[in-house]
Amino acid sequence: MQMPIGEFIRQARRQRGLTQTELGNPEFSKSYVSAVERGQITPSYAALHFFALQLNQPAEELEALLDQSQKQTTLAPLPYAEQLDERMKDQDAAMLLNLIQQGQSLDTFSFSMETPEIALDPTLDAWLKKHARAVLLKGLLAQEHADFAIAQTQLEYALALSSNEYKPMILDALGNNAYLLGDYAQSLNYYLRALQQMKLLSLPQPDLLFRIELHSGHALRLLGQHEAAQQHYTEAHKHLRPTHNMKIAGQLYLGLGYSTYAFLFQAGAEIEPLLTQLPQEKVEEHFRQSLGYLLQSRTLFQVGSDWDGEVQARLSQAAILLDLCSWRQHQALLKDHDSQRPVHINATVLLDDVTEQCRQILLRLLELYQTAPKLSVEHENIAYMALAYFIRSYNRRATIARLGGDTDTAMWESSLAAVLSQHVSRSLEDQSLSWAILNDVVHLSGHHASKTLQPKLYLPYIPDLEDTSPGRLLALAELYFATGEVSEEIAYSIKDSDVRQKAYNRADQCFVDAITVISKLNKLPVDTHGDITSIYEPGYMVRFYQRYLEILKQREKIASTTANLNNTQQIQTLLNKAILSHTRPPYLLLTSDTHQNHQN
């Protein structure tokens with residue numbers, strides 16, 4: 001008897017020493033390759049040609065083998081979505097839904113191809129009527145094609161028709177539909193209902209439970225409910241298996257890392273972050289856990305060749321490291337009330353890590369520059385985010401050196417941050433991010449500076465960007481804030497009180513501009529500022545307020561009597577605005593008790 005096509009591919013793969021992931025990359029997932037090899041699905045001719053290339057086999061030989069296999073097998077045609085009601089057979093629909101419940105994505109199937117008949121659980125047909133299966137598949141296909149209105153209608157209809165076995169999967173799909181439309185509160189409602197329905201199943205479905213818990217964590221994170229998000233991510237982690245897609249696993253660790261960090265900055269009634277109420281050891285532990293999760297996330301994205309995910313992990317890691325430096329500085333100043341005595345802060349290694357994360361991103365962008373005359377808008381935004389963190393890291397070095405009594409190093413680092421900020425701001429305004437700037441930044445090390453970036457101590461330029469595309473708001477806010485920090489640090493080195501006040505005014509303008517820009521992001525539709533791995537969420541803007549308030553409080557300690565009075569008023573005004581911006585509707589709050597009810 002002729003060898004099945006799936007078995008032939010399996011043997012050829014093993015002879016070449018390839019894993020299923022290596023065979024499928026970058027076109028097909030490991031689960032798709034596994035299903036082909038087990039005979040659960042028939043590969044399309046495009047997939048056959050791809051596998052032939054990977055296996056160094058003639059494509060014609062694989063096509064002939066597929067044709068022979070199909071002649072020996074009873075076939076059941078799978079029609080297009082619009083023909084599902086009339087032509088789809090029970091066995092085909094049930095097979096697809098079984099695979100989807102196991103974590104398969106619809107985009108791995110070729111709906112225009114015929115698929116072999118396979119043995120199914122004889123009780124499956126009793127669980128779901130033929131019409132319900134067809135409606136459900138039409139809804140999932142509509143969602144795959146971003147036709148969310150039709151998807152919503154079909155999925156709701158399928159939910160009404162289906163048995164308990166499929167309700168969790170349908171509710172999860174409805175949650176994804178709401179999520180993709182930016183309605184995170186509604187998506188969370190569906191996910192929590194899906195978790196309740198999972199308790200009614202007679203057999204455990206760990207893959208489906210993993211996905212629902214993961215999706216719940218994503219929705220809660222984007223609602224700014226990080227403690228609850230942590231709990232759902234942790235539940236998802238319990239069901240993570242080696243067979244899961246690396247991108248999905250990377251997203252889980254990214255969500256865990258970000259929510260563990262953001263939980264520390266959850267704001268109370270007076271916008272003060274939670275970490276101010278926790279013991280120092282507990283805060284350090286949370287930061288360590290967060291950075292550990294992000295390292296795992298970054299590694300998974302790297303192994304899976306997912307550069308977008310890797311960028312998210314590196315940028316998140318850089319931001320968290322900078323906040324950890326700020327917190328350690330705050331703790332050191334609290335312990336030493338004598339402003340005349342040097343204060344030593346343990347943050348050099350952290351700042352080295354910040355610059356390394358940003359440098360790796362910029363190195364990859366420099367590679368892209370080799371194949372294109374300029375970067376895409378998306379890649380430019382990534383570059384500006386990395387450059388903003390680069391500027392902040394050098395400025396933080398200046399602050400630590402000044403507090404430690406090393407005036408020369410403080411002046412050098414501060415001037416380097418100032419000139420870098422100047423060049424980046426000019427390029428942003430002129431829309432001309434050059435290869436030379438990226439190259440110079442990448443090769444900055446120690447006390448080395450290029451001809452383009454000669455250190456010079458001056459107040460950095462503030463770009464005038466009233467007409468900014470929505471997709472650039474996040475990067476612009478980070479750059480404004482970085483420029484404000486540079487101006488703030490320069491002010492500490494100025495002896496003349498009038499000139500120092502000018503520097504403070506420049507810094508204030510930057511901080512206010514940053515908050516104004518980031519507040520615009522809250523009002524945009526979801527598709528203009530993020531997807532399921534977006535680093536933006538409501539707490540992002542709150543942390544801008546928190547950082548600015550901390551800067552003003554530090555300034556207040558050294559200001560003159562007149563400036564001190566103005567500064568106190570400024571702090572109160574900012575505090576009032578921050579509290580108003582932080583107001584959240586009660587229905588968005590999900591406490592630990594609420595989550596516990598869903599677990600029991």
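Just one of the listed residues (5, 41) is under 34 Å from the mean Cα position of the chain (by Cα), among the β-branched types (Val, Ile, Thr) and over 19 Å from residue 247 (Cβ atoms), and it is 41.
Conditions (1) assigned to a helix (DSSP H, G or I); (2) open to solvent by 10 Å² or more (accessible area, probe 1.4 Å); (3) not hydrophobic (A, V, I, L, M, F, W, C), marked per residue:
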residue: 374; (1), (2), (3): no, yes, yes
residue: 383; (1), (2), (3): yes, no, no
residue: 386; (1), (2), (3): yes, no, no
residue: 389; (1), (2), (3): yes, no, yes
residue: 402; (1), (2), (3): yes, yes, yes
residue: 409; (1), (2), (3): yes, yes, yes
residue: 413; (1), (2), (3): yes, yes, yes
residue: 417; (1), (2), (3): yes, no, no
residue: 425; (1), (2), (3): yes, no, yes
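I want to confirm something. Restricting to the range 273-307 and keeping residues that are among the acidic types (Asp, Glu) and free of Cβ contacts under 8 Å to residues at least 60 places away in the same chain, which single residue is surrounded by the most Cβ atoms within 10 Å (Cβ to Cβ)? Show your work before the answer.
Quick first cut of the range 273-307, residues among the acidic types (Asp, Glu) only: 281, 284-285, 306.
Now drop any that are not free of Cβ contacts under 8 Å to residues at least 60 places away in the same chain, which leaves 281, 284-285.
Details: 281: 8, 284: 16, 285: 13.
Within the range 273-307, the match that is surrounded by the most Cβ atoms within 10 Å (Cβ to Cβ) is 284.
The single condition among (1) open to solvent by less than 10 Å² (accessible area, probe 1.4 Å); (2) closer than 26 Å to residue 203 by Cβ that residue 151 does not meet is (2).
Within the range 154-171, how many residues are part of a loop (DSSP other than H, G, I, E, B) and open to solvent by less than 20 Å² (accessible area, probe 1.4 Å)? I'd like the intermediate steps shown before the answer.
Start the filter on the range 154-171 by keeping residues that are part of a loop (DSSP other than H, G, I, E, B), which leaves 162-166.
Adding the requirement that they be open to solvent by less than 20 Å² (accessible area, probe 1.4 Å) leaves 162, 166.
Of the residues in the range 154-171, 2 are part of a loop (DSSP other than H, G, I, E, B) and open to solvent by less than 20 Å² (accessible area, probe 1.4 Å).
Might you check whether a residue that is outside the structural domain of residue 354 (by the TED database), open to solvent by 20 Å² or more (accessible area, probe 1.4 Å) and either in contact (Cβ under 8 Å) with a residue 60 or more places away in the chain or outside any helix (DSSP H, G or I) (or both) occurs anywhere in the range 211-221? Within the range 211-221 (the criterion being outside the structural domain of residue 354 (by the TED database), open to solvent by 20 Å² or more (accessible area, probe 1.4 Å) and either in contact (Cβ under 8 Å) with a residue 60 or more places away in the chain or outside any helix (DSSP H, G or I) (or both)), the answer is yes, since at least one residue qualifies. Within the range 513-560, restricting attention to residues that are within 21 Å of residue 256 (Cα to Cα) and part of a helix (DSSP H, G or I), the residue that is modelled with the lowest pLDDT is 538.
Report yes if residue 356 is open to solvent by 60 Å² or more (accessible area, probe 1.4 Å), without any contact (Cβ under 8 Å) to a residue 60 or more places away in the chain and under 21 Å from residue 409 (Cα atoms), otherwise no. Steps first, answer last, please.
Details: open to solvent by 60 Å² or more (accessible area, probe 1.4 Å): yes; without any contact (Cβ under 8 Å) to a residue 60 or more places away in the chain: yes; under 21 Å from residue 409 (Cα atoms): yes.
Here the answer is yes, as residue 356 does meet what is asked.
Taken over the range 46-64, residues that are closer than 25 Å to residue 305 by Cβ, open to solvent by 30 Å² or more (accessible area, probe 1.4 Å) and in a helix (DSSP H, G or I) amount to 5. For the residues 492, 480, the requirement of being in contact with a helix residue (DSSP H, G or I) (Cβ under 9 Å, 6 or more places away or on another chain), surrounded by fewer than 23 Cβ atoms within 10 Å (Cβ to Cβ) and either farther than 19 Å from residue 433 by Cβ or in contact (Cβ under 8 Å) with a residue 12 or more places away in the chain (or both) singles out 492.
Collect the residues in the range 359-372 that are open to solvent by 40 Å² or more (accessible area, probe 1.4 Å) and of a type in the set (A, V, I, L, M, F, W, C), keeping them in residue-number order. Within the range 359-372, 363, 368 meet the criteria. If the condition is being open to solvent by 10 Å² or more (accessible area, probe 1.4 Å) and modelled with pLDDT under 85, then the range 130-139 contributes 130, 131.
The values are calculated or read from the model by the stated rules, or taken from the named source; none is laboratory data. The structure presented is a predicted model; accordingly, all values stated were derived computationally and were not measured. With ideal geometry, Cβ positions are generated from the backbone for all residues, glycine too; neighbour counts draw on all protein chains shown. When the accessible area is computed, the model is the full protein with side chains, heavy atoms only, and any ligands, DNA or RNA have been set aside. Shrake-Rupley method; radii C 1.70, N 1.55, O 1.52, S 1.80 Å.
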